Amino acid sequence: MITTNESPFGTLKKTARIAGLLYLMYIMTPILAQLFAQLGFGDAAEIINVMKSHELLFRLGFMMNLLSALLFLLAAWALYVLLKPVNHPLALLFLLLNLVGVAVECFSFLELYGGWLLVSGADYLKVIPADQLQGMAMLSVNSYKIGHMIAQPFFAAWLFPLGYLVYRSGYLPKILGIILMVECFAWLMYPIQFFLFPNEVMATISAAVGFIGEFSLTLWLLIMGAKEPK
């Protein structure tokens, strides 16, 4: 258990609330991206339709996705600061797993933006038949969605050391740690069903468990903070 109540942010309670605020902002930005431009759960045809008919909405949604990746990494760093006194190697492990997932997802955003370039109507694309451009754009958007799925095992794996450290910390509720460790295995079902066993039920279960675990942690950090050790 930690022996000091100080961190680079100040007290543990302040550190916890900063982590909670960053995590809440991260949770909200993909929702906004979905509302603006169907980026996330929409299929490739829906995304391309937004690219063509609502360019500004697509750009807003794309920026929300970029902001989401940045906020997720910052939230993981704040949690690393909060939990590294419990076990520094494990805290570093969950930070690195998060970093790899964010890097893979950001790389997939290049494919998404490339799809928009293909349907943007730029003059240099007029030499390519419209049906070929449509097919190339569909390939780019589907590659973006696959890249998003490739990032998910890393986003699932980071939850287990995070949950273990929450459980062992002594200044956060043990039940939150248990839920996060269970969420690790539930969230792994998401990419497994996508690549091996297409089954919407498995994806729904993963999303439900993920919402319960991470949103509960976010609310606790934001409202209650962390218990200061004596």
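Each of 167, 144, 113 has some number of other Cβ atoms within 10 Å of its Cβ, and from fewest to most they run 113, 167, 144. Simple rule: put +1 on each Lys or Arg Cβ and -1 on each Asp or Glu Cβ in the range 9-223, find the dipole, and look at 21, 137, 57; the Cα lying farthest toward the positive end is 21. Against the chain, whose longest principal axis is taken from its Cα atoms, helix 130-157 shows a tilt of about 10°.
One way to sum up the overall shape of the range 9-223 is the equivalent ellipsoid from its Cα gyration tensor, whose semi-axes run 36, 18, 14 Å, largest first.
Between residue 195 and residue 88, the simple spin-label model (points 7 angstrom out along Cα→Cβ) gives 3.4 nm.
Rounded to the nearest 500, the 222 nm mean residue ellipticity of the chain from helices alone is -27000 deg cm²/dmol, with -39,500 (n - 2.57) taken per DSSP H run of at least 4 residues.
Cβ crowding within 10 Å ranks 187, 220, 77 as 77, 220, 187, fewest other Cβ atoms first.
Three semi-axes describe the equivalent ellipsoid of the range 62-167; taken as square roots of 5 times the Cα gyration tensor eigenvalues and ordered largest first, they are 39, 12, 7 Å.
Which of the lysines could a cross-linker bridge to residue 145, judged by Cα under 20 Å and excluding same-chain residues fewer than eight apart? Cα-Cα hits under 20 Å: 52. The alpha-carbon of residue 84 sits under 29 angstrom from the alpha-carbons of these lysines, leaving out residues fewer than 8 places away in its chain: 13, 14, 174, 227, 230.
We did not get these values from a lab; they are worked out from the coordinates using the rules stated. Everything numeric here is computed off the predicted structure, so don't read it as measured data. A quick note on method: Cβ atoms are made from the backbone with ideal geometry, for glycine too, and the neighbour counts reach across all protein chains shown.
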